[in-house]
Amino acid sequence: MDAGFIIILVLILAVGNDTVCEGAGSGGHPAFFVFGDSLVDIGNNNYLATSARADSPPYGVDYPTHCPTGRFSNGLNIPDLISEEMGWEPNLPYLSPDLTGKKLLIGANFASAGVGILNDTGIQFVNIIRVPQQLDYFQQYQERVKALIGEAAMKKLIKEALVLFTLGGNDFVNNYYLLPSTARSRQFGLKAYIPFLISEYKKILKRLYELGVSKVLVTGTGPLGCVPAELATRSRAGECATDLQLASSLFNPQLAQMLDALNKDLSTKAFIGANTNIMHLEFITNPKAYGFTTSKMACCGQGPYNGMGLCTPLSSLCPNRDEYVFWDAFHPSEKANRLIVKQILKGSNTYMHPMNLSSLMSLDSNPIT
């Protein structure tokens with residue numbers, strides 16, 4: 001079985017329990033909006049006819065309900081943990097029928113597993129919410145909130161809100177490196193592909209800014225070559241895949257430079273970046289220092305490093321998820337996500353650029369003049 005086919009399979013999950021946990025109405029805190037891929041999807045794909053789903057066990061084994069929710073995690077993911085750390089009520093997937101009335105004022109999650117910066121990323125998953133559609137839904141959301149509280153109050157809610165944007169990983173693992181030769185890898189060498197991705201991402205973020213937001217956290221890619229799926233298909237002795245690691249090491253600094261340029265172009269401090277590659281590499285290179293027993297083996301899966309095939313009830317499942325950096329072949333465990341969120345909130349310039357999330361949230365929402 002070739003590596004590209006295995007990568008596709010990891011995210012193909014059987015349709016199962018479609019449990020989605022509710023929010024509880026407006027909590028008197030800033031709204032929170034989330035855009036991106038499977039790292040931050042909290043269940044939108046449950047409502048779509050797509051293979052990119054996480055709505056069957058053992059996903060959600062450590063979630064408060066112990067049920068799968070559509071999160072690609074054993075429990076909570078990064079948006080959940082940001083809300084928890086900030087003392088906010090968790091938001092709901094935008095496609096959830098429960099997202100009505102005062103629950104809209106909490107915010108919404110528009111993320112969809114499988115998507116990338118580019119619209120041709122994740123085409124194998126067919127029916128996913130690509131980024132232009134996520135932003136269209138955000139416009140639709142604003143109209144719904146305007147009907148609820150009026151235009152002036154809606155604009156204030158959007159301006160004071162926090163936005164999380166997580167994209168990029170799929171543009172490598174489910175596009176550029178999906179097969180030994182792909183349309184994008186034939187079109188671009190790696191060092192040309194990354195600036196192309198960054199330029200397309202800048203267009204996305206400019207459109208988002210034009211929709212009225214003023215606080216945006218943008219996360220980079222993790223150490224793509226070190227995930228169990230890549231170890232299973234590309235590694236001989238547990239070493240990280242050098243080509244994907246190079247991609248991560250080039251993408252993250254260029255993303256930070258783009259955010260600086262965007263802030264300057266728009267005369268704002270709206271955009272900050274999280275170098276999740278560095279954050280996650282620390283767990284991978286020294287797992288015991290963070291309380292993990294392994295950074296190579298996924299908790300749930302099969303084959304070498306539990307990195308092949310599906311995470312299903314028939315998979316090998318570790319008894320203690322907190323000992324594992326990776327939950328499945330691609331996604332961090334809840335514990336790893338907790339450590340990442342702590343760095344996002346209070347980390348130094350090594351991890352956060354030009355400031356951490358706590359500093360961003362303390363800024364006045366008015367743009368620089």
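The values are calculated or read from the model by the stated rules, or taken from the named source; none is laboratory data. These numbers were taken from a predicted model, which means no experiment stands behind them. Here the Cβ is made from the backbone with ideal geometry for all residues, glycine too, and neighbour counts use every protein chain on show. Only protein heavy atoms, including side chains, enter the accessible area calculation; ligands, DNA and RNA are left aside. Shrake-Rupley method; radii C 1.70, N 1.55, O 1.52, S 1.80 Å.
Details
- Contacts under 7 angstrom Cβ, first residue in the stretch 183-198 being among the aromatic types (Phe, Trp, Tyr), partner in a helix (DSSP H, G or I), 6 or more apart: PHE188/PHE196; TYR193/TYR176; TYR193/ARG184
- Counting the residues of the stretch 126-157 that are in a helix (DSSP H, G or I) and either more than 23 Å from ASP41 (Cα to Cα) or acidic (Asp, Glu) (or both) gives 12.
- Residues that are open to solvent by 50 Å² or more (accessible area, probe 1.4 Å), over 20 Å from LEU259 (Cβ atoms) and either under 20 Å from the mean Cα position of the chain (by Cα) or hydroxyl-bearing (Ser, Thr, Tyr) (or both) occur at least once in the stretch 226-244.
- One residue from SER83, SER73 being open to solvent by less than 30 Å² (accessible area, probe 1.4 Å), of a type in the set (Ser, Thr, Tyr) and in contact with a His (Cβ under 8 Å, 6 or more places away or on another chain): SER73
- So LYS206, is it basic (Lys, Arg), closer than 17 Å to GLY116 by Cα and in contact (Cβ under 8 Å) with a residue 40 or more places away in the chain: yes
- Only one of PRO57, PRO79, PRO68 that is touching a residue at least 40 places away in the same chain (Cβ under 8 Å) and in contact with a Ser or Thr (Cβ under 6 Å, 6 or more places away or on another chain): PRO68
For (1) charged (D, E, K, R); (2) in contact (Cβ under 8 Å) with a residue 24 or more places away in the chain, each residue gets a yes or a no:
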| position | (1), (2) |
| --- | --- |
| SER112 | no, yes |
| LEU118 | no, yes |
| ILE123 | no, no |
| GLN134 | no, yes |
| TYR141 | no, yes |
| LEU148 | no, yes |
| GLU151 | yes, no |
| LYS156 | yes, no |
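- Residue list for the stretch 242-277, filter: of a type in the set (A, V, I, L, M) and modelled with pLDDT under 95: none
- Number of residues in the stretch 251-281 that are closer than 23 Å to LEU339 by Cα and either open to solvent by 20 Å² or more (accessible area, probe 1.4 Å) or not in a helix (DSSP H, G or I) (or both): the value is 9.
- Residue list for the stretch 113-128, restricted to those being farther than 17 Å from TYR176 by Cβ, open to solvent by 10 Å² or more (accessible area, probe 1.4 Å) and among the hydrophobic types (A, V, I, L, M, F, W, C): VAL126, ILE128
- For the stretch 147-161, residues that are farther than 14 Å from LYS102 by Cβ and in contact with a Pro (Cβ under 9 Å, 6 or more places away or on another chain) total 2.
- Selection within the stretch 287-314 - open to solvent by less than 40 Å² (accessible area, probe 1.4 Å) and either in a helix (DSSP H, G or I) or under 18 Å from THR233 (Cα atoms) (or both): PRO287, SER295, ALA298, CYS299, CYS300, GLY301, ASN306, GLY307, GLY309, CYS311
- When SER199 is tested against the conditions (1) buried (at least 22 other Cβ atoms within 10 Å of the Cβ); (2) in a helix (DSSP H, G or I), the lone failure is (1).
- Among residues of the stretch 68-94, those that are of a type outside the set (Val, Ile, Thr) and part of a loop (DSSP other than H, G, I, E, B), counted: 16
- Assessment of the stretch 229-238 against the conditions (under 22 Å from LEU360 (Cβ atoms), polar (S, T, N, Q) and not in a helix (DSSP H, G or I)) yields no matching residue.
- The single condition among (1) free of Cβ contacts under 8 Å to residues at least 24 places away in the same chain; (2) crowded, with 22+ Cβ neighbours inside 10 Å that PRO319 does not meet is (2).
- Residues being under 16 Å from the mean Cα position of the chain (by Cα) and assigned to a helix (DSSP H, G or I) - total across the stretch 202-223: 2
- Flag for ILE284 being within 22 Å of TRP327 (Cβ to Cβ) and either in contact (Cβ under 8 Å) with a residue 24 or more places away in the chain or crowded, with 22+ Cβ neighbours inside 10 Å (or both): yes
- Residue match in the stretch 330-338 (condition: surrounded by 23 or more Cβ atoms within 10 Å (Cβ to Cβ), over 21 Å from GLU85 (Cα atoms) and touching a helix residue (DSSP H, G or I) at 6+ places or on another chain (Cβ under 7 Å)): yes
- Qualifying residue in the stretch 158-178 (condition: open to solvent by 30 Å² or more (accessible area, probe 1.4 Å) and in a helix (DSSP H, G or I)): yes
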